[in-house]
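Each reported figure results from applying straightforward, stated rules to the coordinates on display, with no laboratory input. Keep in mind the model is a prediction, meaning the values are calculated, not measured. Counting neighbours? That spans all protein chains shown, and the Cβs are built from the backbone with ideal geometry, glycine included.
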Ligand SMILES: Cc1cc2nc3c(=O)[nH]c(=O)nc-3n(C[C@H](O)[C@H](O)[C@H](O)COP(=O)(O)O)c2cc1C
Ligand code: SF4
């Protein structure tokens, strides 16, 4: 379903009521079901879009890097505002959340082409070229069609690899991990992974070997391996670099996983914002099939059959959450599921499925090659091996750093040239904001756990502006299923705005904490469980920022925060019971 709707959107530039009917008839689905998918994803449109759609990243990093001037230049050059399409149907202008180019902000997607380091001058050149009829591809090269997929990707986007570590970005021998895996029994592969201490690199840090063991031991006729290449956490762009420079290693890791859990089918779920990497990944898969590294009888081993399809996403951050990613692969709206059951026992199409991050699969292949002790001996207790950190914001050297776990924030900031950092957001908005007096804290699950995003802010940045932006991000990206997340985050965002305006009173700080706790406790998935983190961690790290903005007043903002009455009203609006009252949730 996703593939069909992506095709319709690309070809007609919108998904019209007639197209919904036609897709429903052709697929045997209900019209309302197709409409549910078409309206869920930001890249599907219910009104005609321009032949060229420019999606400007409006992440806070881009804003601080000059995005407002760039936006105005686009508006001036195309004579439309953001959210509009030119009357001749040539151009649309839209804002979009983080597109994974924070190290080269301000950045934009122009159809499937991406451009970074935007300036007013560059925008004028781009607009002039496009208005004269040039294809967006010609912005990359006049010879675009003759370039290899890798050449195209690397001309569009700089990798910015600042430090190559021992596991992923240094020299990697071809297929050494898969060769080693095939000399072992599947159970031994899993034992090796458990012994290595590898934890998932997508943010939650769950032990990879244990996840594979759950899937391998579940009784089932089919099993699936899914690579999560959705990379939507603002400030994270490490997977972009691995997908560009180590696609074979990632697929090798997926193939090892298939061997370990006895899966025959795999999926790479690639975020819509990385559509420019699709040809590169398709080429990688085709080359591996031709080389006998995918398909039937892999590497000549009879009965070892495994192949992978590529599933594109369509602009929904929540689809990075594995419980939402799976329905998206199934052609449904990306709404997270209540857990348990976990995907490892009941995932794609109801079968045991392991979902792992791009980086996790790459490490897995290296561990099979070099051995579990090699990996275990790097890093620190509870966080072994190396980790890719995506560093962006106020620093001289934004980019990718592969370093053993356990270094301090200071050490990373030194490497990145960020001596005047005043605040660092570790792990993106769902992570932890640390102040300068905490820069001796260590990056790793014993202290600051992270999927890799490290966003640097200097002393000129307004902490409350940053927090308000991230709350607006979560409001925008909530799938809306549970009321505390859908409504509570709006209240939190409004509350932060009132703090910024000096309209809060001292008790409202407690109220921020209470409301945050309610949202965390009653949300169904990780988005709601972490969305108040920008507030909570800045309340801890920068208490004066809040207290300086309050003044004793009659009402303050508290009255706005009656979450229970909000839940009642929203429940009636949604014509269904609130999730927080569902018995399966309270068990
Ligand atoms: C809102 C939300 C967004 C997420 N986005 C991603 C993502 O873009 N990439 C990713 O690998 N994991 C993401 N995750 C974590 C996944 O749910 C899952 O834990 C991960 O893909 C498992 O792989 P790992 O064990 O290798 O980390 C997200 C989680 C949440 C709650
Ligand atoms: S917590 Fe938020 S994103 Fe997650 S299921 Fe509930 S409404 Fe959707």
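Below is a table of values for the structure above.
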quantity: Separation of alpha-carbon centers, region 123-185 and region 515-534, rounded to whole Å; calculated: 36 Å
quantity: Sorted by Cβ density within 10 Å, fewest first, the residues 122, 72; calculated: 72, 122
quantity: Two-site FRET efficiency, residue 282 against residue 501, from Cβ-Cβ distance with R₀ of 56 Å, rounded to 0.05; calculated: 0.65
quantity: Inter-part distance where region 245-313 and region 186-212 are each reduced to a Cα centre, Å; calculated: 19 Å
quantity: Residue order, fewest to most surrounding Cβ atoms within 10 angstrom, among 109, 156; calculated: 156, 109
quantity: Per-q log10 I(q)/I(0), region 43-145, q = 0.17 Å⁻¹ (Debye; single scatterer per alpha-carbon; no solvent); calculated: -0.72
quantity: Residue order, fewest to most surrounding Cβ atoms within 10 angstrom, among 471, 1; calculated: 1, 471
quantity: Cα-projected label distance for residue 442 with residue 465, points at 7 Å along beta-carbon direction, nm; calculated: 3.6 nm
quantity: Beta bridges per DSSP with both ends in the chain, % antiparallel, nearest 5; calculated: 45 percent
quantity: Inter-probe distance in nm under a simple model that places probes 7 Å from Cα toward Cβ, at residue 382 and residue 204; calculated: 1.8 nm
quantity: Estimated Rh, the chain: Kirkwood, alpha-carbon pairs, angstrom; calculated: 24.8 Å
quantity: FRET efficiency, 1/(1 + (r/R0)^6) with R0 56 Å, evaluated for residue 551 and residue 158 via beta carbons; calculated: 0.75
